[in-house]
Amino acid sequence: MTLTETPPTSLDDTRHAEIDALVATSAEAARRFRELDQEQVDAIVDAMVRAGVRAAAELAQVAIEETGFGVFEDKVVKNYVATEFLSDYLRGKKSVGVIDEDVERNIVHVAEPIGVVLAITPVTNPTSTVLYKAIVAAKTRNAVLFRPSPYAIRCCERAVEILREAAEAAGMPPGALQVIPDAAHEVTHYLFKHPDVDFIWVTGGPKIVALANAAGKPGLSVGPGNAPIYLHRTADVRGAVVDILISKTFDASVICPAEQTCIVDDAVYDEVLTEFQRMGAHVLTEEEANRLTEFAFGCEDGVTSKVNMEALGQQAPQLAARAGITVAPETKILLAPLPDDLDLLAAHALVQEKLMPVLGLVRSPSVEHGVAAAVLVTEHGGLGHTSAVYANDPAVVDAYAKAVRTGRILVNAPTAVGALGGVYNNLTPTFSLGCGTWGGSTTTENVNYTQLLNIKTVSHRRTPPQWFRVPANTYFNAGALENLRDLECEVAVIVTDADSERRGVVDLLRSKLRTRHVQVFSEVEPEPAEATIQAGVALLNRARPDLLVAVGGGSVIDAAKAMRLFHEHPEKTLDDLTLPFLDPRKRVADYPRDDHRLRLVAVPTTSGTGSEVSPAAVLTVGERKETLVDYCLVPDMAIVDPVLTLSMPASVTVDSGVDALTHALEAAVSIFASPYTDAFCVQAARLIFDALPKVYDDPSDLAARTDMANAATLAGLAFSNAFVGTNHALAHAVGARFGIAHGRANGIFLPHVLRYNAGLPSKFMPAPGYSAYVAPEKYAQLGRVVFGGREPDESRHRLFRGVEDLLDRLGMPRSLRSVGIPEDEFEAALPALAMTAFSDLSNRTNPRMPLISELTELLRLGYAGGEPRAD
Ligand SMILES: NC(=O)c1ccc[n+]([C@@H]2O[C@H](COP(=O)([O-])OP(=O)(O)OC[C@H]3O[C@@H](n4cnc5c(N)ncnc54)[C@H](O)[C@@H]3O)[C@@H](O)[C@H]2O)c1
Ligand SMILES: [Fe+2]
């Protein structure tokens, strides 16, 4: 709707100064308002509500007198909605200071006022909108400057006067409610740009909405509507007709959510029409409709010009008389049949908003047509506002709600009274109906007090809960293998490598398994490749076992974990599951969550990887190591029988032992370390420092082998929950590139990474559960338990020395150079190695965040060996 505008006048300096003074008064009032507490604010709101309720009839009267349209009784109802309903909604709601606390998320919300709100109010609801905006502003401790429609200035002033008197008596700072009555547009434009106006809150036509949105200030603008209603054959026709009549006659339809075009299902069209007529509707002839269009919109052809103020808000008989149409005196509304052809409908003058008791009527042959017609109506000035559907078929309601772009979609209820909220439904009471971006608003909601607050979020530090997860059963010490005898199974598959099979390990297992149906997959190579996993999965798919036993080193156990995963879930791919992540709890990779169909028993023959209890499986993909990690990979049972490790050659003993030590030392300082994992790290390290030299000297020392086997599993339990760090990232990169055994590669970097982590980080790892940088202390604590020392520095130093002494005593290579990697080859590979190490998941839990330059430096140290950096 576009109302006739007053001609522009220019403002003189005096008026500018006067307006500045009003704004300054508002700003001062806003400052004082901010000091009030919830109790004081609620007392003010209560006083305003009481005054507004008492004045509901008086204000309806002055509105009618001034604007010359609407229905007295309905304007009284509007004023009640704006006071009584609003107060019912606001009662007990917090709008000052701490308004809510989310204990679970450790978040507190604190409400602050905005300051000075410029409120533009419409001619359609001239007093109810003022009551509503003033009360909502008081609830939120904002000062308001009202700019009423030029056609409704006096009634706005009267409403403000009544409210101000009551509110000030209850403690509202003087000046918090003011009216700037000048009709001149320049005043509005001046206020739109005024530095002390904080927020523009518009209820009005499209032009003022667009102007306000262009003003460059925060604001909330709500514009006109053009509500379609669809009446489906499943609707309660008699009920619907009464609803529509109540609503379309409400305040003679000068209310933006009012029904404008009723689209009626062909099946009930005649019935609906008859019922409308029976209840007091006059059906316009084509000629009458043309005459009405001419009168109301100054045209017949659909190209609308200005709305005739004489046509607005008149009750049906007056409107008809003014347009030169004769109707019965008891006529409630005028029904204008509109074309059902959508192109013709779009071109029709009466498809637009009609703020008068004129309702378009469209006959609709199908639900699709009905929905399309409703969409079309909204596209003629009603996008984002309101619509309704009368149907008792949920599918029809759903289809309608999906297609029609309005902020409110009312089901089996009138729009005019319904959209205001609280009468026919549980919508928030309002006189500011958000129209969404379609209608130039920032919200589609029924606007209320929350939109007038600056809500601050006080977010307390969150220390995420941690976990300690271990496999269901771990059997250990010599003879543990006997536990295999207790396992019920029909078909078993043993996964191992060729050497282990040759050593007779498979035969040993066979003798202890309950079933004779045993198949063997002995093709696993060290650091298993993707193709090996695929071959294994193919075997499992054929054999359909109910028990999978992995017997071998970490490579075998890792292969079996991956085989079970892809056997049970052929839809998953290695590529998807190895997607990198920042926080394991939030990652994108989607591991299966269901229970396993196939049990996995892990029987390690090395003492190192901890793979028998860990959620990780490391595979070689091309020249990279890819890590699958998820608790669904954890074996169901671990059998840690040291007897199986007696046959390890010295190199495997040493390599896997150093791997276990690296696990303990990395998990100890991980950002996910906890008292649970710390306990395992310390005990694992103690056992390894003591037992590894012994098994190196005497491979048949069963007691020492037992300590090593248990230590490796303990370290595995620690890193299964705290994970590892940069040492593993470097070892993975270098191991894959140059084919160096995993434990050996770990050993080369270990002295350097220990010192690196003990230094002052150039970049900290963001980790809410890890506040101060405690890595150096953690090393010292562990060092004190194993090596003693009085001061932390001394204990840490002893630990680092102890690591190097151990590596030397075991004859471990201390540099990449010494394992025969040519320098030029290393230098050429260095940038890629640093990048691979950087991308490795293991870095995520390292206490300090390694920079690429630091990884490069660590790789160089690993290449050259020699004296590690001083600690
Ligand atoms: N899943 C995890 O949590 C995890 C952790 C660390 C390392 N790993 C991975 O584990 C693999 C390394 O495992 P590993 O160190 O156990 O070595 P491995 O499994 O690669 O075995 C190395 C060699 O030792 C032989 N061997 C194993 N046990 C033997 C025994 N008792 N007697 C004689 N020979 C024996 C194997 O046949 C093989 O040739 C790497 O791929 C590494 O990335 C996995
Ligand atoms: Fe490892």
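The values are calculated or read from the model by the stated rules, or taken from the named source; none is laboratory data. Given the structure is predicted, the values throughout are model-derived calculations rather than measurements. In this analysis, Cβ positions are derived from the backbone assuming ideal geometry, glycine residues included, and neighbour counts consider all displayed protein chains. We work out accessible area using only protein heavy atoms, side chains counted, and drop any ligands, DNA or RNA first. Shrake-Rupley method; radii C 1.70, N 1.55, O 1.52, S 1.80 Å.
Of the conditions (1) more than 40 Å from the chain's Cα centre (by Cα); (2) on the phi > 0 side of the Ramachandran plot; (3) surrounded by 20 or more Cβ atoms within 10 Å (Cβ to Cβ), S149 fails just one. Which one is it?
Result: S149 fails condition (2) only.
Kindly indicate whether any position in region 54-63 is hydrophobic (A, V, I, L, M, F, W, C), under 29 Å from D196 (Cβ atoms) and outside any helix (DSSP H, G or I).
Looking for residues that are hydrophobic (A, V, I, L, M, F, W, C), under 29 Å from D196 (Cβ atoms) and outside any helix (DSSP H, G or I), one finds none in region 54-63, hence no.
Please count how many residues of region 139-162 are touching a helix residue (DSSP H, G or I) at 6+ places or on another chain (Cβ under 6 Å), over 19 Å from I114 (Cβ atoms) and in a helix (DSSP H, G or I).
Going through region 139-162 one residue at a time, the tally reaches 6.
Which residue pairs have Cβ atoms under 7 Å apart, sit 6 or more places apart or on different chains, and have a first residue in region 585-604 that is under 18 Å from A559 (Cβ atoms) and a second that is among the β-branched types (V, I, T)?
What qualifies is V601/V549; V601/I639; A602/I557; V603/V549; V603/V551; V603/I639; P604/I557; P604/V640.
Looking only at region 614-626, decide whether some residue is more than 7 Å from ligand 1 (Cβ to nearest atom), free of Cβ contacts under 8 Å to residues at least 60 places away in the same chain and surrounded by 23 or more Cβ atoms within 10 Å (Cβ to Cβ). So that I can check it myself, show each step before the final result.
We begin by selecting, within region 614-626, every residue more than 7 Å from ligand 1 (Cβ to nearest atom); these are 615, 619-624, 626.
This time we only want the ones that are free of Cβ contacts under 8 Å to residues at least 60 places away in the same chain, so: 622, 626.
Checking the rest, the ones that are also surrounded by 23 or more Cβ atoms within 10 Å (Cβ to Cβ) come to none.
There is no residue in region 614-626 that is more than 7 Å from ligand 1 (Cβ to nearest atom), free of Cβ contacts under 8 Å to residues at least 60 places away in the same chain and surrounded by 23 or more Cβ atoms within 10 Å (Cβ to Cβ).
Which residues, taken from region 522-559, are within 16 Å of ligand 2 (Cβ to nearest atom), in contact (Cβ under 8 Å) with a residue 60 or more places away in the chain and crowded, with 24+ Cβ neighbours inside 10 Å? Explain how you work it out, then say what you get.
Here is the first cut: in region 522-559, the residues within 16 Å of ligand 2 (Cβ to nearest atom) are 526-528, 552-559.
Next, from what is left, pick out any that are in contact (Cβ under 8 Å) with a residue 60 or more places away in the chain: 526-528, 553-554, 556-559.
Selection gives P528, G553, G554, V556, I557, D558, A559.
For V202, indicate whether it is of a type in the set (A, V, I, L, M, F, W, C) and part of a helix (DSSP H, G or I). Break it down stepwise before answering.
Numbers: of a type in the set (A, V, I, L, M, F, W, C): yes; part of a helix (DSSP H, G or I): no.
Considered against the rule, which asks whether it is of a type in the set (A, V, I, L, M, F, W, C) and part of a helix (DSSP H, G or I), V202 comes out as no.
H728 is checked against (1) within 12 Å of ligand 1 (Cβ to nearest atom); (2) under 44 Å from the mean Cα position of the chain (by Cα); (3) within 18 Å of G811 (Cβ to Cβ); (4) not polar (S, T, N, Q) and fails just one. What number does that condition carry?
Checking H728 against (1) within 12 Å of ligand 1 (Cβ to nearest atom); (2) under 44 Å from the mean Cα position of the chain (by Cα); (3) within 18 Å of G811 (Cβ to Cβ); (4) not polar (S, T, N, Q), the one that fails is (3).
Going residue by residue through region 597-611, is there one that turns out to be more than 19 Å from A712 (Cβ to Cβ), more than 7 Å from ligand 1 (Cβ to nearest atom) and open to solvent by 10 Å² or more (accessible area, probe 1.4 Å)?
Yes, there is a match, as at least one residue in region 597-611 is more than 19 Å from A712 (Cβ to Cβ), more than 7 Å from ligand 1 (Cβ to nearest atom) and open to solvent by 10 Å² or more (accessible area, probe 1.4 Å).
All but one of (1) modelled with pLDDT of 90 or more; (2) out of contact with any Cys (no Cβ under 9 Å at 6 or more places or on another chain) hold for A416, so report the exception by its number.
(2)
I'd like to verify a number: residues in region 471-490 that are touching a Ser or Thr at 6+ places or on another chain (Cβ under 7 Å) and open to solvent by less than 80 Å² (accessible area, probe 1.4 Å), how many?
Looking only at that region, the number is 4.
Hey, can you tell me all the residues within region 767-801 that are open to solvent by 80 Å² or more (accessible area, probe 1.4 Å) and hydroxyl-bearing (S, T, Y)?
S771
Could you please give the count of residues in region 654-671 that are touching a Phe, Trp or Tyr at 6+ places or on another chain (Cβ under 7 Å) and within 9 Å of ligand 1 (Cβ to nearest atom)?
So the count comes out to 1.
Which residues, counting only those in region 220-233, are closer than 20 Å to T124 by Cβ and modelled with pLDDT of 95 or more?
If we filter region 220-233 for residues that are closer than 20 Å to T124 by Cβ, which is where we start, we get 220-229.
Within region 220-233, N226, A227, P228, I229 meet the criteria.
Within the set of pairs 6 or more residues apart or between chains, which connect a residue that is farther than 21 Å from R158 by Cα and free of Cβ contacts under 8 Å to residues at least 40 places away in the same chain inside region 180-209 to a residue that is of a type outside the set (D, E, K, R) and surrounded by fewer than 22 Cβ atoms within 10 Å (Cβ to Cβ) with Cβ atoms less than 7 Å apart?
Taking only residues 6 or more apart or on different chains, the pairs are K193/A215.
With the checklist (1) under 29 Å from G313 (Cα atoms); (2) in a helix (DSSP H, G or I); (3) of a type outside the set (D, E, K, R) in hand, flag the one item V123 doesn't pass.
Against the list (1) under 29 Å from G313 (Cα atoms); (2) in a helix (DSSP H, G or I); (3) of a type outside the set (D, E, K, R), V123 comes up short only on (2).
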